[in-house]
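Each value in this text was obtained by applying a stated rule to the coordinates, not by laboratory testing. Just so it is clear, the model here is predicted, and its values are computed rather than measured. For neighbour counting, all protein chains shown are included, and Cβ atoms are generated from backbone atoms with ideal geometry for every residue, glycine included.
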């Protein structure tokens, strides 16, 4: 029996929802053979009964290709298209609202809620001015629509916040070492006006380790 199968080899070719589904299964199971079959079923959109008909060598090869995807370390992806609509990353994090901050703080460090976090960070673009753009106002919708977004965009945002948190922590360390009161105050003002990235750092590191992604 011939089985047609399309194997994605880039994070942009799979969705956030697909990865959330697989990660949940991975967290609940340790059987590598079962996880291999679910990986192919979810990411290649193949029926499990058809996965079982594949040659062992083909299964191993497909799983190797899929695993290699997670070696990608995408730079922040500011825009992407989903269902014919262009979405844009928040143009200026300094302008983030208190409500956006609260939701982002609640969602960004829990992979099962990552689609909601992405709904805070990415919104439909209203107007474009060359490379600049404006996005729709945040309405705290919980429809799950962001599950259809490309995983490379979601991962790029997580990596962005992780490294931003590291940068802020390093800044604080340098200020403390020099014991410059004015510099320390500048850091505190920066932290208060930001989006709480320092408190994200530990949880984001755990998320990235779950994804088997190097932080370097």
Practice problem: Just need the relative contact order of region 86-152 here, percent rounded to a whole number, with Cα pairs under 8 Å and 6+ apart. | Solution: 36
Practice problem: For residue 131 paired with residue 86, estimate the spin-label separation in nm (one decimal), with each label point 7 Å from Cα along the Cα-to-Cβ line. | Solution: 1.5
Quiz item: Between residue 31 and residue 98, 0.36 nm times their residue separation minus their Cα-Cα distance comes to what?
Solution: 19.8 nm
Quiz item: Relative contact order of region 11-69: what whole-number percent is it, with Cα pairs under 8 angstrom and at least 6 residues apart?
Solution: 30
Quiz item: What length, rounded to one decimal in nm, is gained on full extension from residue 68 through to residue 5, with 0.36 nm per residue of separation minus their alpha-carbon distance?
Solution: 20.9 nm
Quiz item: Hey, fewest Cβ within 10 Å first, where do 79, 109, 49 land in order?
Solution: 49, 79, 109
